[in-house]
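Contents: one structure, followed by commentary.
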Amino acid sequence: MLACALCAAATGQAETGQDAWLRYARLQPAAAERYRALPATTLSLSNTIILGTAQAELVRGVKGMLGKTLRIAVGAPTESAIVIGTVRQLRNIAPALNIVEGLHGDAFWLTAGEVRGFHCIIITGATDRGVLYGVFAFLSRIARQENVFRLNELQKPSASIRWANQWANLDGTIERGYAGRSIFFENGNARPDLTRVSEYARLLASVGINGCSVNNVNADPHILDPDFIPQLARIAEAFRPWGVQLGIAVDLSLPKTGGGLDTFDPLDIRVANWWQKKFDEVYRAIPNFGGVVVKADSEGRLGPSLYGRTPADAANVIARTLKPHGGIVFYRAFVYNHHLDWTNLKNDRAKAAYDVFHPLDGKFDDNVIIQIKYGPIDFQVREPVSPLFGGLPHTNTGIELQITQEYTGQQRHTCFLVPMWKEILDFDLRVNGRSTDVKRIVAGESFHRPLGGYIGVVNVGLDQNWLGNHLAMANLYGFGRLAWNPSLTAKAIVDEWTTLTFGNDPVVVQTISRIQLASWKAYESYTGVLGLHTLTNILGSHYGPAPESQEHNGWGQWIRADAHEVGIDRTVATGTGFVGQYSSDVRNTCESLANTPDDLLLFFHHVPYTYKLHSGKTVIQTIYDSHYAGADKTKQFVSQWKTLNGHVDDDRFQDVLAQLTYQSGHAIVWRDAINDWFHKISGITDANGRVGNHPHRIEAESMELQGYIPFDVTPWEGASGGRAVVCVQISQSCIAKYRFAGPKGWYDIDVEYFDQNNGVSKYQVFSGNQMVDEWLADSSLPATEPNGDSATRRHITGVALRPGDVLRIEGFPDAAEAAPFDYVEIYPERARP
Ligand code: GCW
């Protein structure tokens, strides 16, 4: 790997992450030697557009990894070759070949055999797309230094639907996107240059994703304007060589709001005709158009309920216009009332999807898929499986997973979600007392449905590495791999991804896998445990800690924490009755306090803080301890990553180091905010004496201030002691001083400051007259105020201090950012708290 890093450096190629897991990095000579017998030619049995892509990819991959340029041929072999083509074409040219059974849909088969008397490697599938997937699998094997000569590998996707959703707005912004602007749109139009769209389609295809809906589900009415449809056609063209079908999200009120009708009642014949005409127009421009995603009666979007109609009425009217063209309607089950009365203890947002959709089971046309978020709330760090998966045996269903880390750290935190998705997919809903795990339901197997599958909300952006964090790309890779084969283990997936992304060095693979596999539980530990959701600011950024925001509003993400108890009683016996939406087997587990697993306890039950878990610890002590353990874990991620210095290229080494370092600082912000909040509300002290007790901490407001003034942070738990200091002196700097009283020695100093997105303040730290550090608060965190979103930690190592030394922080405000900071921690080297 070191050699590789050097050769990248020698050719001046920076490792930007743009090629993600398709880097095709040159193998070491000894490894490359194993592929010496590879045929020198690649022969395609036909010259269709997708086979052309597949062949070019094969050439590109082999060139990158082995440094050899394959000869390109089309037609019949005249020498030994890597043959690519569909089964039908293969049968024509090699009738004697014994072709494996079961090649349907997107399946592929990698094998070797005689074609016209020449020994060939064969990559085949029922369709061109299957062949393309086979080529990617073949190249992945070489990248991972596996055998490619004695293959007999048949691979079939678990489900036919494997889609990405992008929440891109036509103005170029992305709802819940964390990696720059949209690759699709800018200024109300499709981008003139769609190169990144083609590259994205390549990434999607390489993990078997076959469809992509490109615009925000909060859909812009202009998406179906007559002059926009040709622009969509350009995007579809960029997708087509990679076998990715285009989809769009539509707003159901369109016939009225943009279509000249006085209604959008789905049962009005004029409305049906309007949709028909619209989609005929779409299919004329885009013959392989894949389908539409619908968000209705949800978070302010209009829907059929306005006319007393059901989601089935609405879905079917569009489905019928798409049906002759093979298109699909993805109707989202994310339908709920966000003005719930929080004072009514029987109200429960978690019940909404099942209440709305279960009575409609069997009423949806067969080209409709109900797109169900994995849990009953909304992409939280932990939720139980949505009971709706078990409640629609006569309806097609798909599971909606979120790759963009809206509630799981927004790619500023590493949080590898495959282990969580696997727990969901493996969960057995025991419908009618039979084994019915989620992965078999969405595959259409359990209830014998014709369609079903996986939808991942991705939200890649123009940032070179697509998601803004190199390690986050494992989630996109993992989503595709799981949709293809949900039985793969999280470890197998992450090992594959790491090898392809960072190379074969076992130290690299082990270290990165370790970090990734521990990251979801770590994130859960310092954000919200025991099924409390991610205790973030749900009224704004969905990023930093703000537990209070869950309560006392209509959004229904309540945790019902009071002075004595916490959690929601969702039982049938005494609570909201949500538990009754599950089969009796699952009900028996969750209805009973004793049987409910600890990690979902507070999702299902309202208990005293002193309630003892299966672990033997009380609820409150578990909250305290987990937040410490989670934050500590992120500190280990940093030291583990540091061991890879020299083992991975310097560009990505530094990028990831900066990201993990930031994360380990923000994890402390989370830890303290949540613990302080529970401490205050419960009045129960931490048995281990840490909560509210920070021996190395000097609050900014207690320092000697020149120009700086104390500031009450909102919500209070976003700052230590609820207060920070701000510098409100126009065009001047402010100073905070502290006289050090500890013993002489080497110290590390952490400065907890706030990095808002509405200014670039400068900070300087002096010991006596000597500056020991300076930096700019120039990141783009989602905050315009000092709070738990903007709180950031600067770590300064190796400062020599003597008793009486004066430590001085000088802050230079900029624009609306008043060089705010919260506290300083001074601690002996290696004793980081
Ligand atoms: O969680 C919420 C997000 C919204 C999103 C919505 C949805 C697109 O905060 O930004 O809207 O889910 O899934 O429709």
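The values are calculated or read from the model by the stated rules, or taken from the named source; none is laboratory data. Here the structure is a predicted model, which is why all the values come from computation and not from measurement. Here the Cβ positions follow ideal geometry from the backbone for every residue, glycine too, while neighbour counts run over all protein chains shown. To get the accessible areas, we keep the full protein, side chains included, count just its heavy atoms, and leave off ligands, DNA and RNA. Shrake-Rupley method; radii C 1.70, N 1.55, O 1.52, S 1.80 Å.
A few comments on the model shown:
- Residue in segment 486-506 that is under 14 Å from the mean Cα position of the chain (by Cα) and either surrounded by 22 or more Cβ atoms within 10 Å (Cβ to Cβ) or charged (D, E, K, R) (or both) present: no
- Of all residues in segment 81-110, those being open to solvent by less than 10 Å² (accessible area, probe 1.4 Å) and among the β-branched types (Val, Ile, Thr) number 3.
- Search result, residues across segment 540-593 that are without any contact (Cβ under 8 Å) to a residue 40 or more places away in the chain and polar (S, T, N, Q): Gln550, Thr571, Thr574, Asn588, Thr589, Ser592
- Qualifying residue in segment 226-234 (condition: among the basic types (Lys, Arg), away from the ligand (no atom under 16 Å from the Cβ) and in contact with a strand residue (DSSP E or B) (Cβ under 9 Å, 6 or more places away or on another chain)): yes
- Some residue of segment 142-163 being open to solvent by less than 10 Å² (accessible area, probe 1.4 Å) and within 30 Å of Pro782 (Cβ to Cβ): yes
- Scanning segment 259-280 for residues that are open to solvent by 60 Å² or more (accessible area, probe 1.4 Å) and closer than 16 Å to Pro226 by Cα gives Gly260, Gln276, Lys277.
- Residue match in segment 787-807 (condition: under 33 Å from the mean Cα position of the chain (by Cα), at pLDDT 95 or above, of a type in the set (Val, Ile, Thr) and farther than 16 Å from Tyr708 by Cβ): yes
- Residue pairs whose Cβ atoms lie under 6 Å apart, separated by 6 or more positions or on different chains, with the first residue in segment 481-503 and over 14 Å from Asp426 (Cβ atoms) and the second modelled with pLDDT under 95 and among the aliphatic types (A, V, I, L, M), are Gly503/Met1.
- Complete set of residues in segment 147-168 that are assigned to a strand (DSSP E or B) and small (Gly, Ala, Ser): Ala164, Ala168
- Annotation: Val765 fulfils all but one of (1) in contact (Cβ under 8 Å) with a residue 60 or more places away in the chain; (2) open to solvent by less than 50 Å² (accessible area, probe 1.4 Å); (3) within 30 Å of Asp632 (Cβ to Cβ); the unmet one is (1).
- Here Gln640, Gln636, Gln663 are screened, and the one residue that is out of contact with any strand residue (DSSP E or B) (no Cβ under 9 Å at 6 or more places or on another chain) and under 19 Å from Gly718 (Cα atoms) is Gln663.
- Scanning segment 649-657 for any residue that is assigned to a loop (DSSP other than H, G, I, E, B) and out of contact with any Cys (no Cβ under 9 Å at 6 or more places or on another chain) turns up nothing.
- The residue list Asn210, Asn215 contains one member that is buried (at least 23 other Cβ atoms within 10 Å of the Cβ), within 16 Å of the ligand (Cβ to nearest atom) and either within 19 Å of the chain's Cα centre (by Cα) or at pLDDT 95 or above (or both), which is Asn215.
- Test: Asp676 is of a type in the set (Asp, Glu), over 30 Å from Thr16 (Cα atoms) and crowded, with 18+ Cβ neighbours inside 10 Å: yes
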